[in-house]
Structures are given as C-alpha cells and as structure tokens.
Amino acid sequence: MTGTAINVAAVLAGGGIGTFVGGRLPERTRRTAMHAIGIVTLLVGAQSFLEFDNVLVPLVSVIAGLVVGEALGMDAAIRRFGDSLERRFSKGGSPVSRAFVTTSLLFCVGPLTVLGSLQDGISGDYELLALKSALDFVAALSFASVLGWGVLLSAGSVLVVQGGLTLAGALFGSFMDEPMVLAMTSTGGVLLFGLGLAILEIKEIRVANMLPALLFAPLLVAAAPLWPF
C-alpha cells in the first residue's frame, strides 16, 4: 500500500496548494489550464486504448459495463454523493460536486491506476504509482485552482480504489496474465477519452456508468478460448 499512500499524499498536497493559489490566478489562465488537462486526458485515453490489439474486447466491455452501470445508476449515485457533500460543507463558493466527480474519475480510471496498483499488490513494486503520484499532483493543483477544495475529497476515492486494486493484486494477481491487464488498460482508455470530452465541455458523457467495463475486459480475455471463432 506504499504506492497508494504516496498517491493520496500527492493529491492532498496538490489540491491544497491549488486551492490556496487558485483565487489568485486570472480566470483566463484557469480555463486554459483546464483545457490543457482535457487535451492531455484525450491523448492518454487514445494511447491506452491502443495498448490492446483487439478492439472488440474494449468495445464489448464498455457496452456491457454501460448496461450494468446504467441499471445501477452509478453516475447519478456518485453525483448525488458529491452534491450532498456540497450542501453540507460548501457555502456556495466551490463547485464541490463537479470537482469530486471529475477528479475521482481522472485519478481512478487511468491505466497507471490499474497497472500500478496490481504491480504494487503482486510484487510490492510501487514505481508506476510513484510516477502516477507526480502526474496526479500536477493535475490536482490545476483542478483545485479552477474548481476549488472539492478536489481534496478525491483523495478518498484514490485510497479506496487503488487500495482495493492493490489488495486484489495481492490476492488474485496470479490469475491475471498480461493480455487481461492490457485489456483493462485499453478499456480504461475509452473511459478516459470520454472524460476528456467532458472536461473540454465538448460532450457530457456519463463515464461513471461505464466503470463496470473494467471488470468485463479481463473476463472476456479469459473466456477467449471458449469463443466459437
């Protein structure tokens, strides 16, 4: 769990600094920073998608995950949680819900989250999560300067998601081979691309409803020998 602890600390540090200096930055600068993050998110999503050579796996995974996510109302549930935090803690000056939802997805869906957490759980090597922590520090600082202190709440999401994946890696890592992990990475790239579109305000996509796709991807790869073609 060392890598996850470092990552949580990085998000809190970056979010804290961003919240402190955010009000001192011109609106134009903050919007430009948000656009830059959106563009990078799109590029990382596209790069991750290309990690797996069979596009049918992420496609089917996303569709199946979306069906499950829509049925469970995951996106709406996360937003309600963020809204409840905003009503409880915010005095109207901070878009807590948007900050929490956006940064939680950004920090928890990426390929480094999956690969780094599993690697940390399987071998205790947290090199990838250390790299992710550096990236998340910059992203948290930038987001907090625009959206405010709600970014700090995403540290809890990082702790739960990455901690869970690290534990899963320790318990079940021996059952997942490289193609299964790459399939998860590729599917996560689709979700990241959708998140990038939302950050750029090009299209609002309920990315959280697609999260179950990350479970379907390795299962499809594992079941590949049973396919009739």
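The values are calculated or read from the model by the stated rules, or taken from the named source; none is laboratory data. Quick caveat: nothing in here was measured; it's all calculated off a predicted structure. Heavy atoms of the whole protein, side chains included, go into the accessibility calculation; ligands, DNA and RNA do not. Shrake-Rupley method; radii C 1.70, N 1.55, O 1.52, S 1.80 Å.
Using every pair of alpha-carbon atoms in the chain, split the distances into 10 Å bins beginning at 0 and state the percent of pairs per bin, rounded to integers.
Histogramming the chain at 10 Å steps yields 9, 33, 38, 17, 4, 1, 0 percent.
Taking only the alpha carbons of segment 112-229, what extent do you get along each of the three principal axes, in Å, biggest first?
50, 35, 19
Please give the length that would be gained between His35 and Lys203 if that part of the chain were fully extended, namely 0.36 nm times their separation in residues minus their C-alpha to C-alpha distance (nm, one decimal).
This chain segment gains 59.1 nm when fully extended.
Suppose only helical runs count, i.e. DSSP H with n ≥ 4. What mean residue ellipticity at 222 nm does that imply for the chain under -39500 (n - 2.57) per run, divided by all residues and rounded to the nearest 500 deg cm²/dmol?
That comes out to -26000 deg cm²/dmol.
Angle check, please: helix 111-123 long axis (alpha carbons) against the longest principal axis of the chain (alpha carbons), in degrees 0 to 90, nearest 10.
With both axes taken from Cα atoms, the answer is about 60 degrees.
To the nearest 10 degrees, how steeply does helix 74-89 sit against the main Cα axis of the chain, on a 0 to 90 scale?
Once rounded, the angle reads 20 degrees.
Given the options Ile17, Ile202, Ile37, which has the most mean-square fluctuation in a GNM of the chain, springs set between C-alpha atoms less than 10 angstrom apart?
Checking each option, the largest mean-square fluctuation is seen for Ile202.
Determine the per residue accessible area of the chain with all protein chains present and a 1.4 angstrom probe, expressed in square angstrom.
Value returned for the chain: 50 Å² of accessible area per residue.
Angle between the Cα long axis of helix 27-49 and the longest principal axis of the chain, 0 to 90 degrees, nearest 10?
Once rounded, the angle reads 0 degrees.
What's the carbon and sulfur percent of the chain's accessible surface, probe 1.4 angstrom, rounded to a whole number?
70 percent
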